[in-house]
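Input: a single structure, listed below in structure tokens.
The values are calculated or read from the model by the stated rules, or taken from the named source; none is laboratory data. Predicted model, so just to flag it, every value in this text is computed and none were measured. For neighbour counting, all protein chains shown are included, and Cβ atoms are generated from backbone atoms with ideal geometry for every residue, glycine included.
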């Protein structure tokens, strides 16, 4: 039985929520974005600051969004509207709802790239993937990119059609343990490469000399992105959470899971690249190109490199799928709640939107390369619009809703139902009232300033 007495879908219990929420958080941002940012902004000191922010800022936002969802039994639009009418509340709800609709199309394009590389390693073409210019020639081939993008999209939609418990939860339960095992295997292999221990030391040991304020700002932005804050996902998943499940306990587990996977990604990639480059951390600063250009070259230099390549891209594919189904589920839930559509109709419409918007990103480096939005290719523009502009605004709206409309006391009541603990209540109250909106504003201003060329991040 997939529904409660209310008719709303639900997770089977705490484990279902934790694995699904962790699956939403553990995505491409953990696997490739976290390692190169950690390398660029100080290694161990970046990691330390990230963890401190995760257990304060990240914890608070996860708690607020999850409690809001469970309290209202609604997706973001309905959750904001439940507190009463008002233009800013309607805006706050819809911006949280629209974000995943805009993210999942271009995210699926990158998921398609992962499929392409995985197939390449499985079929024994690892050396070809490591060649200079391979990635740029691949993404310039519109037909090839479109095909793998559509494959990833169909995979995501197939899981969504199956439902919350039989689709989202079941896949997360299967993929997340495999993802953990693979990350441990690859990390263990990576840290045993010649010269890799210097990379381990750089990543794990904080060096105050490497600290800068940009380290804090960047760690803040990464934590925001990594934990799936302000994407509507946690509100939606909270609405599927049963009343007897501890919100704080579940949040703690998601925090731990996400941070450990990010650390494992660092141990997979940073020591391996250190070994490959002779200890040059600048090699890691390739940004998004790290996973598709630098890493294949690293695998090519390794013994058993093809096998490691297969395992690595299976891991990345699983991470991408768990995040894409979470994003799509949030969008589908909004259409079900606000328009009264059936799950199949909502999923079909989201599928059409994914194909239309995703095709712009898929073809943006090939046939549509001459078309840009504010000087950006379509994929880069959608990434900037959602992650740098809309998500911080959505987070600020959530903070205002909790503190000024619903009241922190109502959230506390929801968290402590059935005698459940709220051990970090003081941290939550302080952060949601003061620092969380400030941090979100800092992310917004710094990201926009970076995009406009006023600062360099």
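If the requirement is being closer than 20 Å to residue 77 by Cα, in a helix (DSSP H, G or I) and free of Cβ contacts under 8 Å to residues at least 24 places away in the same chain, which of these qualifies: 411, 438, 349? Break it down stepwise before answering.
Numbers: 411 fails: free of Cβ contacts under 8 Å to residues at least 24 places away in the same chain; 438 fails: closer than 20 Å to residue 77 by Cα.
Going through 411, 438, 349 in turn, the sole match is 349.
Just for helices (runs of 4 or more DSSP H) wholly inside segment 143-240: which have at least 1 residues that are over 29 Å from residue 116 (Cα atoms), under 24 Å from the mean Cα position of the chain (by Cα) and in contact (Cβ under 8 Å) with a residue 12 or more places away in the chain? By residue number, 196-204, 213-226, 233-239. Determine whether segment 339-349 contains at least one residue that is surrounded by 18 or more Cβ atoms within 10 Å (Cβ to Cβ), touching a helix residue (DSSP H, G or I) at 6+ places or on another chain (Cβ under 8 Å), at pLDDT 90 or above and over 30 Å from residue 130 (Cα atoms). Checked against the condition, which is being surrounded by 18 or more Cβ atoms within 10 Å (Cβ to Cβ), touching a helix residue (DSSP H, G or I) at 6+ places or on another chain (Cβ under 8 Å), at pLDDT 90 or above and over 30 Å from residue 130 (Cα atoms), segment 339-349 yields at least one hit. Only one of the listed residues (243, 297) is surrounded by fewer than 24 Cβ atoms within 10 Å (Cβ to Cβ), in contact (Cβ under 8 Å) with a residue 24 or more places away in the chain, within 30 Å of residue 396 (Cβ to Cβ) and out of contact with any strand residue (DSSP E or B) (no Cβ under 9 Å at 6 or more places or on another chain). That residue is 243.
Kindly check whether there is at least one residue in segment 112-120 that is in a loop (DSSP other than H, G, I, E, B), surrounded by fewer than 20 Cβ atoms within 10 Å (Cβ to Cβ) and over 20 Å from the mean Cα position of the chain (by Cα). No, the conditions are met nowhere in segment 112-120. Filter segment 22-66 down to the residues that are within 16 Å of residue 231 (Cα to Cα) and at pLDDT 85 or above and list them by number. Scanning segment 22-66 gives 57, 58, 59, 60, 61, 62, 63, 64, 65, 66. Take the conditions (1) free of Cβ contacts under 8 Å to residues at least 60 places away in the same chain; (2) more than 22 Å from residue 318 (Cα to Cα); (3) assigned to a helix (DSSP H, G or I); residue 95 misses just one of them, which is (1). Residue 137 meets the conditions (1) buried (at least 17 other Cβ atoms within 10 Å of the Cβ); (2) closer than 25 Å to residue 290 by Cα in every case but one. The failed one is (1).
Could you please let me know if residue 404 is in a helix (DSSP H, G or I) and out of contact with any helix residue (DSSP H, G or I) (no Cβ under 9 Å at 6 or more places or on another chain)? Spelling it out, residue 404 is indeed in a helix (DSSP H, G or I) and out of contact with any helix residue (DSSP H, G or I) (no Cβ under 9 Å at 6 or more places or on another chain).
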